[in-house]
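The values are calculated or read from the model by the stated rules, or taken from the named source; none is laboratory data. Here the structure is a predicted model, which means the values were calculated and not measured. Cβ sites come from the backbone with ideal geometry, for glycine too, and all protein chains shown count toward neighbours. Accessible surface is based on the protein model in full, side chains and every heavy atom, while ligands, DNA and RNA are left aside. Shrake-Rupley method; radii C 1.70, N 1.55, O 1.52, S 1.80 Å.
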Amino acid sequence: MDHVLLSEEQIREKIAELAAAVAADYAGREVLLVGVLKGAVLFMSDFARALQLPTQMEFMAVSSYGSSTSSSGVVRILKDLDRDITGKHVLVLEDIIDSGLTLSWLLKNLGGRAPASLEVCALLRKPDAVKVEVPVRYIGFDIPNEFVVGYGLDYAERYRDLPYIATLKPEVYA
Ligand code: PRP
Ligand code: MN
Ligand code: MG
């Protein structure tokens, strides 16, 4: 670990803000939260609890990184949704938008399944790393283009369990 970029407290406050915005926008509708495993697992769990709306939860597992620190651009479905999302108000929860390749691929894939609506809520975005612009309705934090771990984000499957988000010392992955 190098330094803490976002503390537990900062993450908690931001999730409360995001949940309030989503609750206002989706009032009267039932939201289907689609968490993108594995990175979004902690975010999904805290966001769903903060959201004052009836929701359903689904998970999809995709992977583009493998054990490298930069996106390969090749997205694989490791686990698909269990249910049809036709006519559902789908809100995709992602931990981070880095190059944007994962989400851009995912939105095309999910968009083809005829949801009533399809939006994204991402906790983190690295504006300087974006290769593909992705329409994202809700963003938590824009962060510098450094490798970050914790709160679901891994380096070679480690550090996901940290309750905060920290930068990783370059010598760890160099
Ligand atoms: C990470 C992260 C996002 C994606 C962002 O997932 O959780 O899903 O990469 O990168 P991109 O914008 O450059 O596509 P990863 O593929 O590492 O799988 P994981 O969630 O299981 O860690
Ligand atoms: Mn991921
Ligand atoms: Mg990963």
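Taken residue by residue, region 138-145 has at least one member that is of a type in the set (Phe, Trp, Tyr), more than 14 Å from ligand 2 (Cβ to nearest atom) and open to solvent by less than 70 Å² (accessible area, probe 1.4 Å). So is residue 42 in a helix (DSSP H, G or I), in contact (Cβ under 8 Å) with a residue 24 or more places away in the chain, within 16 Å of ligand 2 (Cβ to nearest atom) and open to solvent by less than 80 Å² (accessible area, probe 1.4 Å) or not? It is true that residue 42 is in a helix (DSSP H, G or I), in contact (Cβ under 8 Å) with a residue 24 or more places away in the chain, within 16 Å of ligand 2 (Cβ to nearest atom) and open to solvent by less than 80 Å² (accessible area, probe 1.4 Å).
So that you can scan it fast, the table gives a plain yes or no per residue for (1) open to solvent by less than 60 Å² (accessible area, probe 1.4 Å); (2) within 16 Å of ligand 3 (Cβ to nearest atom); (3) at positive phi:
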position: 3; (1), (2), (3): no, no, no
position: 18; (1), (2), (3): yes, no, no
position: 27; (1), (2), (3): no, no, no
position: 57; (1), (2), (3): no, no, no
position: 63; (1), (2), (3): yes, yes, no
position: 85; (1), (2), (3): yes, no, no
position: 112; (1), (2), (3): no, no, no
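In region 73-82 there is no residue matching the filter, namely being within 16 Å of ligand 2 (Cβ to nearest atom), in contact (Cβ under 8 Å) with a residue 60 or more places away in the chain and open to solvent by 50 Å² or more (accessible area, probe 1.4 Å). When region 95-123 is limited to residues that are among the polar types (S, T, N, Q) and outside any helix (DSSP H, G or I), the one that is modelled with the lowest pLDDT turns out to be 99. When 149, 120, 134, 92 are screened for being among the aliphatic types (A, V, I, L, M), buried (at least 17 other Cβ atoms within 10 Å of the Cβ) and within 12 Å of ligand 2 (Cβ to nearest atom), only 92 passes.
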